[in-house]
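Down below is the structure, laid out as C-alpha coordinates.
The values are calculated or read from the model by the stated rules, or taken from the named source; none is laboratory data. Everything numeric in this text was worked out from a predicted model, so none of it was measured. Cβ placement follows ideal geometry from the backbone for every residue including glycine, while neighbour counts extend to all protein chains displayed.
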Amino acid sequence: MLLSLTLLPLMASAVSGSWSGSGVGGVVSVGGQTLASRPLMPVIPPGATLLRITWRIKLLSAPPLGLRIKLCSQDKCILLDSLSGQKNVEGALTANGPFYFIYSVESQGQLLPPLNVVSNQLTISYR
(Lines give C-alpha, C1' and ligand atoms only; values in the text may rest on other atoms or scores of the structure.)
Protein backbone atom coordinates (compact mmCIF):
# COMPACT_ATOMS: atom_id res chain seq x y z
CA MET A 1 0.00 0.00 0.00
CA LEU A 2 2.83 2.38 0.84
CA LEU A 3 4.37 1.75 -2.59
CA SER A 4 1.11 2.57 -4.37
CA LEU A 5 0.81 5.84 -2.44
CA THR A 6 4.39 6.70 -3.35
CA LEU A 7 3.77 6.10 -7.06
CA LEU A 8 0.49 8.05 -7.14
CA PRO A 9 2.10 11.42 -8.03
CA LEU A 10 4.04 9.77 -10.89
CA MET A 11 0.92 8.14 -12.28
CA ALA A 12 -1.03 11.39 -12.06
CA SER A 13 1.62 13.27 -14.02
CA ALA A 14 1.70 10.63 -16.77
CA VAL A 15 -1.76 11.48 -18.11
CA SER A 16 -1.87 11.14 -21.86
CA GLY A 17 -4.30 12.36 -24.47
CA SER A 18 -4.72 13.78 -27.92
CA TRP A 19 -6.02 16.89 -29.63
CA SER A 20 -7.19 17.42 -33.22
CA GLY A 21 -7.68 20.58 -35.21
CA SER A 22 -8.09 21.59 -38.81
CA GLY A 23 -8.14 24.69 -40.94
CA VAL A 24 -8.44 25.93 -44.46
CA GLY A 25 -5.36 26.46 -46.57
CA GLY A 26 -4.62 28.99 -49.25
CA VAL A 27 -3.03 29.40 -52.68
CA VAL A 28 0.54 29.58 -53.95
CA SER A 29 0.59 30.69 -57.58
CA VAL A 30 4.32 31.39 -58.10
CA GLY A 31 7.29 29.19 -57.25
CA GLY A 32 9.41 30.47 -54.38
CA GLN A 33 6.41 31.86 -52.49
CA THR A 34 5.63 30.66 -48.98
CA LEU A 35 2.16 30.05 -47.58
CA ALA A 36 1.53 29.74 -43.84
CA SER A 37 -1.73 28.19 -42.66
CA ARG A 38 -3.88 29.81 -40.05
CA PRO A 39 -2.66 28.88 -36.57
CA LEU A 40 -3.95 25.73 -34.91
CA MET A 41 -4.21 26.28 -31.15
CA PRO A 42 -4.24 23.02 -29.15
CA VAL A 43 -5.74 22.90 -25.69
CA ILE A 44 -3.51 20.58 -23.70
CA PRO A 45 -2.33 20.39 -20.08
CA PRO A 46 0.62 22.60 -19.08
CA GLY A 47 3.91 20.72 -19.15
CA ALA A 48 2.68 18.06 -21.58
CA THR A 49 5.21 16.42 -23.89
CA LEU A 50 4.35 16.00 -27.55
CA LEU A 51 4.81 12.36 -28.61
CA ARG A 52 3.31 11.84 -32.06
CA ILE A 53 1.65 13.82 -34.82
CA THR A 54 -0.76 12.69 -37.50
CA TRP A 55 -1.57 14.98 -40.41
CA ARG A 56 -3.73 15.06 -43.52
CA ILE A 57 -3.56 17.73 -46.20
CA LYS A 58 -6.06 18.03 -49.05
CA LEU A 59 -5.12 19.81 -52.27
CA LEU A 60 -7.40 20.86 -55.12
CA SER A 61 -5.04 19.28 -57.68
CA ALA A 62 -1.96 17.07 -57.72
CA PRO A 63 0.99 18.42 -55.73
CA PRO A 64 3.49 20.33 -57.86
CA LEU A 65 7.09 19.16 -58.21
CA GLY A 66 9.25 20.71 -55.53
CA LEU A 67 6.47 21.01 -52.92
CA ARG A 68 7.87 21.28 -49.39
CA ILE A 69 5.59 21.10 -46.36
CA LYS A 70 6.70 21.85 -42.82
CA LEU A 71 4.87 21.79 -39.52
CA CYS A 72 6.06 24.53 -37.19
CA SER A 73 5.50 25.23 -33.51
CA GLN A 74 6.66 28.29 -31.59
CA ASP A 75 10.37 27.69 -32.10
CA LYS A 76 10.95 24.72 -34.42
CA CYS A 77 9.80 23.22 -37.70
CA ILE A 78 9.85 19.66 -38.97
CA LEU A 79 9.64 18.56 -42.59
CA LEU A 80 6.59 16.49 -43.55
CA ASP A 81 7.39 14.03 -46.33
CA SER A 82 3.87 13.46 -47.67
CA LEU A 83 0.33 14.86 -47.73
CA SER A 84 -0.67 12.52 -44.91
CA GLY A 85 1.13 10.44 -42.36
CA GLN A 86 2.27 9.92 -38.79
CA LYS A 87 5.54 10.78 -37.14
CA ASN A 88 7.06 10.28 -33.70
CA VAL A 89 8.22 13.74 -32.62
CA GLU A 90 9.06 13.41 -28.93
CA GLY A 91 11.38 16.31 -28.16
CA ALA A 92 11.31 17.65 -31.75
CA LEU A 93 8.46 20.14 -31.20
CA THR A 94 7.03 21.87 -28.17
CA ALA A 95 3.55 20.70 -27.24
CA ASN A 96 2.07 24.16 -26.84
CA GLY A 97 0.87 25.86 -29.98
CA PRO A 98 0.25 27.56 -32.09
CA PHE A 99 1.08 25.13 -34.90
CA TYR A 100 1.38 26.21 -38.54
CA PHE A 101 1.66 24.31 -41.79
CA ILE A 102 4.18 26.05 -44.07
CA TYR A 103 3.96 25.38 -47.81
CA SER A 104 6.52 26.31 -50.44
CA VAL A 105 7.31 25.18 -53.97
CA GLU A 106 10.95 25.06 -54.99
CA SER A 107 10.60 26.23 -58.58
CA GLN A 108 10.61 29.44 -60.57
CA GLY A 109 7.75 31.11 -62.37
CA GLN A 110 4.02 30.63 -62.38
CA LEU A 111 2.55 27.36 -61.10
CA LEU A 112 -0.01 25.83 -63.46
CA PRO A 113 -2.23 24.81 -61.83
CA PRO A 114 -1.50 26.80 -58.67
CA LEU A 115 -1.00 25.00 -55.37
CA ASN A 116 -4.42 25.26 -53.75
CA VAL A 117 -4.53 23.88 -50.20
CA VAL A 118 -8.14 22.98 -49.42
CA SER A 119 -7.56 21.90 -45.81
CA ASN A 120 -4.93 20.80 -43.32
CA GLN A 121 -5.65 18.60 -40.32
CA LEU A 122 -3.40 17.89 -37.36
CA THR A 123 -3.74 15.43 -34.48
CA ILE A 124 -1.21 15.51 -31.68
CA SER A 125 -0.71 12.86 -29.02
CA TYR A 126 0.84 13.95 -25.77
CA ARG A 127 1.83 12.72 -22.33
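Restricting attention to region 26-49, the residues that are outside any strand (DSSP E or B) and more than 13 Å from P114 (Cα to Cα) add up to 12.
Each residue in region 59-113 was checked for being over 27 Å from S125 (Cα atoms) and either hydroxyl-bearing (S, T, Y) or touching an Asp or Glu at 6+ places or on another chain (Cβ under 9 Å) (or both), and 4 of them qualify. Scanning region 95-127 for residues that are loosely packed, with under 15 Cβ neighbours inside 10 Å and touching a strand residue (DSSP E or B) at 6+ places or on another chain (Cβ under 8 Å) gives P98, E106, G109, Q110, V118, S119.
Looking only at region 61-118, residues that are within 13 Å of the chain's Cα centre (by Cα) and among the β-branched types (V, I, T) come to 5 in all. Here is the figure for region 83-110: residues that are among the aliphatic types (A, V, I, L, M) and closer than 17 Å to L59 by Cβ total 3.
Residues that are surrounded by 16 or more Cβ atoms within 10 Å (Cβ to Cβ) and either assigned to a loop (DSSP other than H, G, I, E, B) or in contact (Cβ under 8 Å) with a residue 40 or more places away in the chain (or both) within region 50-82 comprise L50, L51, I53, W55, I57, L59, P64, L67, L71, S73, listed in sequence order.
Number of residues in region 82-97 that are at pLDDT below 95 and either touching a Pro at 6+ places or on another chain (Cβ under 6 Å) or over 22 Å from P46 (Cα atoms) (or both) equals 1.
Residue-by-condition table, conditions (1) part of a loop (DSSP other than H, G, I, E, B); (2) in contact (Cβ under 8 Å) with a residue 60 or more places away in the chain; (3) β-branched (V, I, T); (4) closer than 15 Å to G23 by Cβ:
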residue	(1), (2), (3), (4)
K87	no, no, no, no
G91	yes, no, no, no
A95	yes, no, no, no
Y100	no, yes, no, yes
Y103	no, yes, no, yes
L112	no, no, no, no
V117	no, yes, yes, yes
